[in-house]
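For reference, the structure discussed in these notes is given below.
What follows draws every value from the coordinates through simple rules; no lab data is involved. Values in this document were obtained by computation on a predicted structure and should not be read as measured data. For neighbour counting, all protein chains shown are included, and Cβ atoms are generated from backbone atoms with ideal geometry for every residue, glycine included.
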There are 2 protein chains.
Amino acid sequence: MVDNYKIQRALISVTDKTNLLPLANALQKFGVEIISTGGTGKILSDAGIQFTEITEVTGNPEAFGGRMKTISFQIESALLFDRERDAQEAEKLHIKPIDLVVCNLYPFEQYIAENPDSDKLIEYIDIGGPTMIRAAAKNYRYVAVLTNPNDYDSLIEELQQKDGAVSLETRLDLMAKAFNLTADYDSVIAQKMDSLTGNDSVRFSFTGGKTLRYGENSHQSAAYYRASKSASSLYDIGVLHGQELSYNNILDLQAAVQTTARMSSQGCAIIKHNNPCGAAESSVQLRAFELAWAGDPVSAFGGIVAFNTPVNLKTVQFLNFHDKANKKFIEIIAAPAFDDESLDYLKTHKNLRIVTYTNAMLEDAYEYRIANNTLLKQSKDDQLYSKMEVVNGDAIDEKQKELITFGLNIIRSIKSNAIGIVRRTPEGEPQLVGMGSGQPNRLNSIKLACDKAKLNLGCSTLKGAGAILLSDAYFPFEDNVDKSHKEGIDLIVQPGGSIRDKHVIERCKEYGITLVFSGLRHFKH
Amino acid sequence: MVDNYKIQRALISVTDKTNLLPLANALQKFGVEIISTGGTGKILSDAGIQFTEITEVTGNPEAFGGRMKTISFQIESALLFDRERDAQEAEKLHIKPIDLVVCNLYPFEQYIAENPDSDKLIEYIDIGGPTMIRAAAKNYRYVAVLTNPNDYDSLIEELQQKDGAVSLETRLDLMAKAFNLTADYDSVIAQKMDSLTGNDSVRFSFTGGKTLRYGENSHQSAAYYRASKSASSLYDIGVLHGQELSYNNILDLQAAVQTTARMSSQGCAIIKHNNPCGAAESSVQLRAFELAWAGDPVSAFGGIVAFNTPVNLKTVQFLNFHDKANKKFIEIIAAPAFDDESLDYLKTHKNLRIVTYTNAMLEDAYEYRIANNTLLKQSKDDQLYSKMEVVNGDAIDEKQKELITFGLNIIRSIKSNAIGIVRRTPEGEPQLVGMGSGQPNRLNSIKLACDKAKLNLGCSTLKGAGAILLSDAYFPFEDNVDKSHKEGIDLIVQPGGSIRDKHVIERCKEYGITLVFSGLRHFKH
């Protein structure tokens, strides 16, 4: 196999004309014979670049409204024959090698977006392009194939460095790209054609696999990948400092930034075992951190902390890295950005992972789970409520609505059955003061949340604390109200929708509890 | 567009010769001219079926060690030209239409499995086949394309019914299959070629999307799909009765059958919000159900119940469907099979979903999560322990090891932090009597599990109950031992591995608690 293989003859036929001329110029400079087709050829001749019409090579006309342009014994032979084994046979058949194919495929999803009828759609399917690309890719030991205008520059550079030759390594890379392109192209077509037959199908492509040290546990191997075509991905998260993220880190980080992304003002959330155990907003970032931490100061240790605004030094000094007795250990700190002083401070902790994210990284419309060769797809739970209907008690004001919205955003991030208790601090800052997660029985979650809230607020009852109890799903029975009342809760928010709503409302009336129906359940598993 | 289009000329070139002759015979009977290539032609002529050599049509030799056989202006034109718009042009160019392509592609993954060197691998990439298939599929308005021997029979039947013609609907279906085949083919090649360049990539294909009523919550749209190429999938679960499964049902069902699949004897597990709240084994199925139910008789209502053996009438009568006051409502009952009497009984409950599964449906090696355009892949957590090392106390016997194994299987299905308490009934049956799930703090989980166990066993301490406490991860501090001791626990199983193990062991020694290290953590989120 030849490493640096000299390009002597190139076939150029592109739909995307970006960067075409610099490439053609470079090829001409190295004396490469260019073969080209209609539209591409027009641009070349306008620019004064010489080329051979493809019909001269194939001996066939361009036919059938452009359906037949390149496919021919001559072109595909020129791409496919083994330059060593088949040299004599090629000569006998008058086949001259083509060493470079430049060809791209118009993104089929863009045709689909035009919503054409099926006859029109079919017309768009390229047959000759993929054939050339695949033939050239198969014979990468001798042939280079350019399928993306972004790759032209580095090829030109290589031609210049190698006196018109291309290395085996480059040809191999280009080959892999070529088969990814044809796989992507037919994947989009297959999904669309399935839909025409009434079959809903999904194809995914992920790339850039990074091996993780292990999965959820050390006896599980793991890796993570980026969705090939996505504009933005959680994969692109910036790790400014610390060890690489672990499997559990990535999942917790997702939970953390999804919680903070919806917060207003200066927001902070702390995640432990995929549940938010602390969350708060304040006009001062340090306060938000302190208040979030205070939501569960025991569990917060070793947690994942996320902010929704650029982080400053004052905030991170709360971690007391330089005070051995009061030092707070966390696994990850995530924010849109960090100022230099805060970074310097944080970097003094060797094992801390410092991570930046953007909200764009969270912008996919669907959630997917793959369970035993089954795919589950669902739209995201990104609506907090459909109403705020006071079904018992006095009307709620804007400040209360704000606090409820803060609470609902947290509730939807807690594993079901989920209960959250939120309040405003004396300074008016929204704070999560208790939460109950992952219980098979809602009463357990109420108990867990209330116990935590009482502990945090240092009181034996929540009466008068201005605490709002939020539930991810409706109360199935009045016992949930009884328990809440016993703990001193006087405002409950839940979706409503139980056949026993009437009884639940009645019980709230008895206790003088304000009950608000939000209209939307937020189960999360 | 013509609906029933008569087949007059067919091109057959197949690697998989299955069902070839019946198809060729049928085509011959309808007077279809068959064009064929080397290996396929040999079989046809041996069977006395007349055909035209492809070289006669193309005017080209088979060349370059078989790399060039079909690709030609003549063949692809015959497939691609528009039978109406391009009719005159085709006549002028001496192109006679080909109305049927029979072609398949040797599964590339099987070549890869042979572990060939990259030169050999490249040799296996088919260029002519996909070109023919894609050209025929593009022109499905006039051309039929058979890519799978399993489709020959129905095509023969259709030819017989329609006097040698094929309907538009069939051609459309075959077209969609064709593009799925070429997409699959290039997907496998792309992944393999990526790996040669050091890029770990993953491609998935799912099909047969069923729209679900909604996702985890009613404001989320949802659908589920089957992995296209898997031999077995949870998607294939049999719903014998009741409404279609919901999104949450499918996830809970997975958790349920993954728990029971590893049980021995007659096993039963009850899932609520994705956590097992009850589980037991017995030599009698009814007993297993009763004992599992007793693990959390409140939460079990509305739960998902799974068995690991065929279900009988005695077992399901425990649900008391005909006793209004004592009726037990559950969402799903799942088992490998149901006998007729049990089915008749269960079907009297209109809303109950009755579901059959096989262990084969659980046989995929990896778990995947897709989070914001990132794919997380990990091998399954299917090893229960790496050791059973008694680090304090007396040696444990086989019966205890069995019970610990039972417990570890459940622990790995509980969301972290997870604590499970198991015991043997006076009759010797392993039973889950308490569990704590989804807590940010392990002490919470211990408390939840012990409270439940005391309630279930009707005692104020677990002392002398023969209860074993299992933890999904190591005890970070001695307070976990203190709490367990206070509740009367005298056998603890946890993975070990903390830097404070020494102190934890020491504390167990003080209390006379037997401590077993299992060596494997079982985080689940």
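Values as computed for the structure displayed
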quantity: Cα principal axis extents for region A:124-196, largest first, Å; calculated: 50, 22, 18
quantity: Evaluated at q = 0.09, 0.13 Å⁻¹: base-10 log I(q)/I(0), Debye formula over Cα of chain A; calculated: -0.80, -1.15
quantity: Quarter of the Cα convex hull surface for region B:64-171, i.e. its orientation-mean projected area (nm²); calculated: 8.6 nm²
quantity: Antiparallel DSSP beta bridges within chain A, as percent of all bridges there, nearest 5; calculated: 60 percent
quantity: Normalised contact order of chain A, rounded percent, pairs of Cα under 8 Å and 6 or more residues apart; calculated: 9 percent
quantity: Normalised contact order of region A:102-244, rounded percent, pairs of Cα under 8 Å and 6 or more residues apart; calculated: 17 percent
quantity: Helical segments meeting 27 Å axial Cα length and Kyte-Doolittle -1.0 threshold in chain B (DSSP H); calculated: B:168-196
quantity: Cα lying deepest toward the dipole's positive end in region A:1-95, options A:LEU79, A:LEU20, A:PHE51, charges on Cβ; calculated: A:LEU20
quantity: Once the Cα gyration tensor of region A:1-131 is diagonalised, semi-axes √(5λ) in Å; calculated: 27, 19, 14
quantity: Modelled FRET efficiency - R0 25 Å, B:LYS17 with B:HIS94, Cβ distances, 0.05 increments; calculated: 0.20
quantity: Computed helical MRE - 222 nm, chain B, DSSP H runs ≥ 4 contributing -39500 (n - 2.57), nearest 500; calculated: -10500 deg cm²/dmol
quantity: Mean separation of Cα contacts under 8 Å (6+ apart) over length of region A:262-410, as relative contact order %; calculated: 16 percent
quantity: Sparse-neighbourhood loop sites, trypsin sites (Lys or Arg not before Pro) in region A:39-108 - DSSP loop, at most 13 other Cβ within 10 angstrom; calculated: A:ARG85
quantity: Under the Karplus curve 6.51 cos²θ - 1.76 cosθ + 1.60, θ = phi - 60°, whole-Hz ³J(HN,Hα) for region A:203-208, x wherever Gly or Pro sits; calculated: 10, 10, 9, 10, 9, x
quantity: Computed FRET value (nearest 0.05) for A:ASP3 with B:LYS229, which takes r as the C-beta separation and R₀ as 41 Å; calculated: 0.65
quantity: Inter-label distance, nm, simple model (7 Å from Cα along the C-beta direction), B:PHE329/A:LYS42; calculated: 7.0 nm
quantity: Calculated diffusion of the protein assembly as shown, Stokes-Einstein form, Kirkwood radius summed over Cα pairs, 25 °C and 0.890 mPa s, µm²/s; calculated: 76 µm²/s
quantity: Three-way shape call for region B:400-459 based on the alpha-carbon gyration tensor, with the a/c threshold at 1.5; calculated: oblate
quantity: For B:SER201, net neighbour charge (Lys/Arg +1, Asp/Glu -1) across residues whose Cβ lies under 10 Å away; calculated: +1
quantity: Reciprocal mean inverse distance between Cα atoms of region B:260-330 - Kirkwood radius, Å; calculated: 12.0 Å
quantity: Cα-based radius of gyration of region B:152-260 once divided by 2.2 N^0.38 Å, which approximates compact folds; calculated: 1.49
quantity: Identity and axial distance of the chain B residue whose Cβ lies nearest the axis relating B to A, Å; calculated: B:GLY438, 1
quantity: Long-range Cα-Cα pairs in region A:398-525 (distance over 20 Å), rounded percent; calculated: 35 percent
quantity: Coil-residue GluC sites (Glu not before Pro) of region A:397-490, DSSP, other Cβ within 10 Å capped at 15; calculated: A:GLU427
quantity: Full-stretch length increase - B:HIS322, B:GLN110 - with 0.36 nm per residue and alpha-carbon distance subtracted; calculated: 70.7 nm
quantity: Candidates per trypsin sites (Lys or Arg not before Pro) in region B:245-324, loop by DSSP, up to 15 other Cβ within 10 Å; calculated: B:LYS324
quantity: Per-selection Kirkwood Rh - region B:475-525 (Cα, Å, 1 d.p.); calculated: 11.1 Å
quantity: Placed amide H near A:GLY215: partners under 5 Å, 5+ positions off or other chain; calculated: A:GLN220, A:SER221, A:ALA222
quantity: Region B:349-435, Cα convex hull volume normalised per residue, Å³; calculated: 222 Å³
quantity: Built amide H within the under 5 Å cut-off of A:GLY434, gap 5+; calculated: A:ILE421
quantity: Nearest-20 debye value, region A:357-494 charge dipole, Cβ charges on Lys, Arg, Asp, Glu; calculated: 420 debye
quantity: Bins of 10 Å from zero: percent of alpha-carbon pairs in region B:191-307; calculated: 13, 31, 28, 18, 7, 2
